[in-house]
Amino acid sequence: MPLQVRDLVVRIRGLGKVVVDGVNLEVGKGEIVALMGPNGSGKSSLAYTIMGHPRYEVVSGDIVVDGESIVGLSPEERSLKGLFLGFQNPVEVEGVKLSNLIIASYNKRIGERDLLKTSNPRIIVEINKYASILGLRRELLYRDVNVGFSGGERKRSEMLQALILNPRYVILDEPDSGLDVDGVKVIANAIETLRSRNTGVLLITHYTRILRYVKPSRVYVMVNGRIVEKGGYELAEKIDREGYSVYQ
């Protein structure tokens, strides 16, 4: 069963401002779905809401993962259900080494009590393997999370986490920002790897450049908190030609 957003209405807690207004959206397993829209259209708000950010209050509607509503679950519980969010602007986490974060997250997911114990030596091999594939310098694995990382290194770091954790559904908020063309190709290849594992991918982006390397099966356009159009890859090509002004 898919990740489903059903008639979702969301407001910013304490402010009353509606940022997601009646959205319906679906991401199947092994499927890449693109969510496009201009700045301030509500795409990131939707991503944060799916992941359970406390700033966002679900007024009505539902979020369903494989047939189960997750609206009442904490972000940690949603993660354990198989959700992963790659942030638009990944934050620094001082005092936590990247390798330790990945190992602890992996151990939590498989039910290990000692989160930093590496009972499966293959996990270290996999971390190093995918760091190399992503072009992430090995020294960064032993540095505090994102501290001193470039924008591209932060994006590679998040993709490394996704590849190791192997979630059911990945939400990637502008994974190509801060990347040159070679970096975009690297991230696109990682997304294809996730798809090949039957992971569903919701790819949030303004532009079509990453979509030239990972062709989505479905494209949604979001403007002012609403889904205003849905189609195939040809819809992304139309936006590339005409922009978003037609929706505003």
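Laboratory data are not the source of any read-out in this text; all were calculated from the coordinates shown. Here the structure is a predicted model, which is why all the values come from computation and not from measurement. So basically every Cβ, Gly included, is an ideal-geometry build from the backbone, and we count neighbours across all protein chains shown.
List the pairs whose first member sits in the stretch 69-82 and is closer than 14 Å to Arg168 by Cβ, whose second member is surrounded by fewer than 12 Cβ atoms within 10 Å (Cβ to Cβ), and whose Cβ atoms are under 8 Å apart, counting only residues at least 6 apart or on separate chains?
Pairs that qualify, where the first residue is closer than 14 Å to Arg168 by Cβ and the partner is surrounded by fewer than 12 Cβ atoms within 10 Å (Cβ to Cβ), are Lys81/Glu68.
If you check every pair at least six apart or on different chains, which have Cβ atoms under 6 Å apart with a residue in the stretch 83-98 that is more than 16 Å from Leu160 (Cβ to Cβ) first and a residue that is part of a helix (DSSP H, G or I) second?
Qualifying pairs under 6 Å: Gln88/Ser44.
Residue check: is Gly61 on the phi > 0 side of the Ramachandran plot, touching a residue at least 24 places away in the same chain (Cβ under 8 Å) and either surrounded by fewer than 21 Cβ atoms within 10 Å (Cβ to Cβ) or assigned to a strand (DSSP E or B) (or both)? Reasoning before the result, please.
Details: on the phi > 0 side of the Ramachandran plot: yes; touching a residue at least 24 places away in the same chain (Cβ under 8 Å): yes; either surrounded by fewer than 21 Cβ atoms within 10 Å (Cβ to Cβ) or assigned to a strand (DSSP E or B) (or both): yes.
So Gly61 fits the description; yes.
Examine the stretch 110-125 for a residue that is surrounded by 16 or more Cβ atoms within 10 Å (Cβ to Cβ), farther than 19 Å from Pro175 by Cα and touching a Lys or Arg at 6+ places or on another chain (Cβ under 8 Å), and state whether such a residue exists.
No; the residues of the stretch 110-125 include none that is surrounded by 16 or more Cβ atoms within 10 Å (Cβ to Cβ), farther than 19 Å from Pro175 by Cα and touching a Lys or Arg at 6+ places or on another chain (Cβ under 8 Å).
Taking the criterion of being closer than 30 Å to Gly40 by Cβ, in contact (Cβ under 8 Å) with a residue 60 or more places away in the chain and surrounded by 15 or more Cβ atoms within 10 Å (Cβ to Cβ), would at least one residue in the stretch 130-148 satisfy it?
Within the stretch 130-148, none of the residues are closer than 30 Å to Gly40 by Cβ, in contact (Cβ under 8 Å) with a residue 60 or more places away in the chain and surrounded by 15 or more Cβ atoms within 10 Å (Cβ to Cβ).
Hey, any hits in the stretch 42-53 for a residue that's among the charged types (D, E, K, R), surrounded by 15 or more Cβ atoms within 10 Å (Cβ to Cβ), within 25 Å of Phe149 (Cβ to Cβ) and in contact (Cβ under 8 Å) with a residue 60 or more places away in the chain?
Checked against the condition, which is being among the charged types (D, E, K, R), surrounded by 15 or more Cβ atoms within 10 Å (Cβ to Cβ), within 25 Å of Phe149 (Cβ to Cβ) and in contact (Cβ under 8 Å) with a residue 60 or more places away in the chain, the stretch 42-53 yields at least one hit.
So how many residues does the stretch 150-179 have that are free of Cβ contacts under 8 Å to residues at least 40 places away in the same chain and not basic (Lys, Arg)?
Residues meeting the conditions: 9.
Within the stretch 6-29, is there a residue that is buried (at least 18 other Cβ atoms within 10 Å of the Cβ), touching a residue at least 40 places away in the same chain (Cβ under 8 Å) and not in a strand (DSSP E or B)?
no
Looking only at the stretch 200-213, decide whether some residue is surrounded by 20 or more Cβ atoms within 10 Å (Cβ to Cβ) and part of a loop (DSSP other than H, G, I, E, B).
Residues of the stretch 200-213 that are surrounded by 20 or more Cβ atoms within 10 Å (Cβ to Cβ), as a first pass: 200-205, 210-211.
After this cut, where a residue has to be part of a loop (DSSP other than H, G, I, E, B) as well, the list is none.
No; the residues of the stretch 200-213 include none that is surrounded by 20 or more Cβ atoms within 10 Å (Cβ to Cβ) and part of a loop (DSSP other than H, G, I, E, B).
Name the residues in the stretch 166-187 that are part of a helix (DSSP H, G or I) and under 13 Å from the mean Cα position of the chain (by Cα), would you? Break it down into steps so the answer makes sense when it comes.
At the first step, the residues of the stretch 166-187 found to be part of a helix (DSSP H, G or I) are 181-187.
Across the stretch 166-187, the qualifying residue is only Ile187.
Would you point out the residue of the stretch 218-232, among those that are farther than 13 Å from Leu25 by Cβ and in contact (Cβ under 8 Å) with a residue 60 or more places away in the chain, that is surrounded by the most Cβ atoms within 10 Å (Cβ to Cβ)?
Among them, the one singled out is Val223.
Return the only residue of Val246, Val186 being free of Cβ contacts under 8 Å to residues at least 24 places away in the same chain and of a type in the set (A, V, I, L, M, F, W, C). Steps first, please.
Numbers: Val186 fails: free of Cβ contacts under 8 Å to residues at least 24 places away in the same chain.
Being free of Cβ contacts under 8 Å to residues at least 24 places away in the same chain and of a type in the set (A, V, I, L, M, F, W, C) holds for just one of Val246, Val186, which is Val246.
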